[in-house]
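Since the structure comes first, as structure tokens, the remarks are kept for the end.
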Amino acid sequence: MKKAWQIAWYDLRMRLGERDTLIFSLLMPILFTVIISVSMQSAFGDENDQRRTVAVVDLDGGILADKVIELVASSESIRPVETSEQELDDLLDFEEVYAGLVIPAGFTNSLMQGEASSAVLRYSNIAASQAVQHEVQAILNHVGAAVTAAHFAASEFELMTKDSDLDQSKIVESAFEQATSKLDPPPVKAMVTVATRLEKPDPWENFSVGAQSSPGMVVMFGMTTMLGVAIVLVQERRLGTFRRMLVAPISRATILAGKMGGTLLLGLLQTTILIVFAWLVFDIAWGNDPVALVAVVLSFSLAIVCIGIFFSTLVRTEDQAGNLMVAIAMAMAALGGAWWPLLITPKFMQTFGHFFPSAWAMDAFQDIIVRGASLSDVALHVSIMMAFALVFFILGIWRLKFE
């Protein structure tokens, strides 16, 4: 084990001393992370505003309608986009908003006269319907309660001005009883019209720009770097290094472990830099369970290194290995969701993508970032990536020639 570590450490130092390694394994991943993050930010909107969008149609134009829109804008879970009644159907049909709130004409006038009024809430996304409905109901209740209190205050003030000898405690008690009776049920109600053709879970509900762009670069550049073990093995075989090392009292397993370890250490260094960079610069929260993150990084890295060992047995020269590794890395990055969310691809492509460890790594990273997944939550992902590592390691050892 000590000899394997010495070989790995020596190999890492040699590669870090090369200019190409510094450029393509360390500097370019950071540059691409910045470019892709900024580009996706522009394409998918403000990552810091994760509130559900609700289209608001104001047919009233009164002060209470304005108050409703103001309260929606200040909500922590929904945000308004004012639109027309004609445009609302298109927004709902194309699922560009989670719901539509229609404030009818006469809304303000009815409430000001002490009459109950209703606003209509229509939604296109059943996964978000309950949360949106509860928030809108709370806002309408707030406005209705405020109007009711205003009516009580006005009536009691009028009553007090007619008779200044009234017992104030009696007035407060009377107002409290009336408020209790009038606020149950709430004077303003929100009704929901179900868009039955759209009753399906929302796959985008937990989408995050940061959870796509940053892990995507970690996965893509991790593959281009760690698949490079194929180039190392082909070069060592061509130069006869393996043959000379076999003369020494070192087993083939130790030599292979050392060569694997050098590439693995470089990949882990690169991954650590990218994760820390994304955390410091883009405020990407890499979950609450460091053990889960480490398990995903290690299992993915081992899987890629072992795939590189296997493919090193299929080529003869370093150029062939380099071209093949780049092609494989780009293909797995695209199919595994590192370049774009797999959600935008057809179902069969989403299924096919999971024939590669890149898709399982992306799923695990996104679960950690968006949902704060623990080790138990990503155990399946880790197990599958370790299975990739085991299968390709066995295939690689079976075919690998040291001489």
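The values are calculated or read from the model by the stated rules, or taken from the named source; none is laboratory data. None of the values given here were measured: they were computed from a predicted structure. So basically every Cβ, Gly included, is an ideal-geometry build from the backbone, and we count neighbours across all protein chains shown. SASA here: full protein model, heavy atoms, side chains in, ligands and nucleic acids out. Shrake-Rupley method; radii C 1.70, N 1.55, O 1.52, S 1.80 Å.
Values for this structure:
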{"read-out": "Members of region 348-383 that are modelled with pLDDT under 90, buried (at least 21 other Cβ atoms within 10 Å of the Cβ) and among the β-branched types (Val, Ile, Thr)", "value": "ILE368, ILE369"}
{"read-out": "Of all residues making up region 185-235, the number that are modelled with pLDDT of 50 or more, open to solvent by 20 Å² or more (accessible area, probe 1.4 Å) and not in a loop (DSSP other than H, G, I, E, B)", "value": "3"}
{"read-out": "Matching residues in region 255-283 - criterion: being open to solvent by 10 Å² or more (accessible area, probe 1.4 Å) and of a type in the set (A, V, I, L, M)", "value": "ALA257, MET260, LEU264, LEU265, LEU268, LEU269, ILE273, ILE275, VAL276, LEU280, VAL281"}
{"read-out": "Subset of region 388-403 [at pLDDT 90 or above and open to solvent by less than 50 Å² (accessible area, probe 1.4 Å)]", "value": "PHE388, ALA389, PHE392"}
{"read-out": "Residue match in region 107-118 (condition: in contact with a strand residue (DSSP E or B) (Cβ under 9 Å, 6 or more places away or on another chain), at positive phi and not in a helix (DSSP H, G or I))", "value": "no"}
{"read-out": "Residue among ALA373, ALA285, ALA327 that alone is under 23 Å from LEU227 (Cα atoms) and among the aliphatic types (A, V, I, L, M)", "value": "ALA327"}
{"read-out": "From VAL297, VAL281, VAL305, VAL291, residue being more than 24 Å from PHE392 (Cβ to Cβ) and at pLDDT 90 or above", "value": "VAL291"}
{"read-out": "Pick from region 33-71, criterion in contact with a Lys or Arg (Cβ under 8 Å, 6 or more places away or on another chain), modelled with pLDDT of 70 or more and not hydrophobic (A, V, I, L, M, F, W, C), ranking: surrounded by the fewest Cβ atoms within 10 Å (Cβ to Cβ)", "value": "ARG51"}
{"read-out": "Residue count, region 72-106 (criterion: open to solvent by 40 Å² or more (accessible area, probe 1.4 Å) and assigned to a helix (DSSP H, G or I))", "value": "7"}
{"read-out": "Subset of region 13-28 [within 33 Å of the chain's Cα centre (by Cα) and not β-branched (Val, Ile, Thr)]", "value": "LEU16, ASP20, LEU22, PHE24, SER25, LEU26, LEU27, MET28"}
{"read-out": "Residues that are on the phi > 0 side of the Ramachandran plot and surrounded by fewer than 17 Cβ atoms within 10 Å (Cβ to Cβ), drawn from region 284-308", "value": "none"}
{"read-out": "Residue pairs meeting the criteria (Cβ under 9 Å; at least 6 apart or on separate chains; first more than 20 Å from ALA338 (Cβ to Cβ), in region 361-387; second of a type in the set (Asp, Glu) and in a helix (DSSP H, G or I))", "value": "ASP377/ASP367"}
{"read-out": "Filter result (among the aliphatic types (A, V, I, L, M) and in a helix (DSSP H, G or I)) within region 51-71", "value": "ILE63, LEU64, ALA65, VAL68, ILE69, LEU71"}
{"read-out": "Filter pass, PRO29 being under 22 Å from GLY228 (Cβ atoms), modelled with pLDDT of 75 or more and surrounded by 19 or more Cβ atoms within 10 Å (Cβ to Cβ)", "value": "yes"}
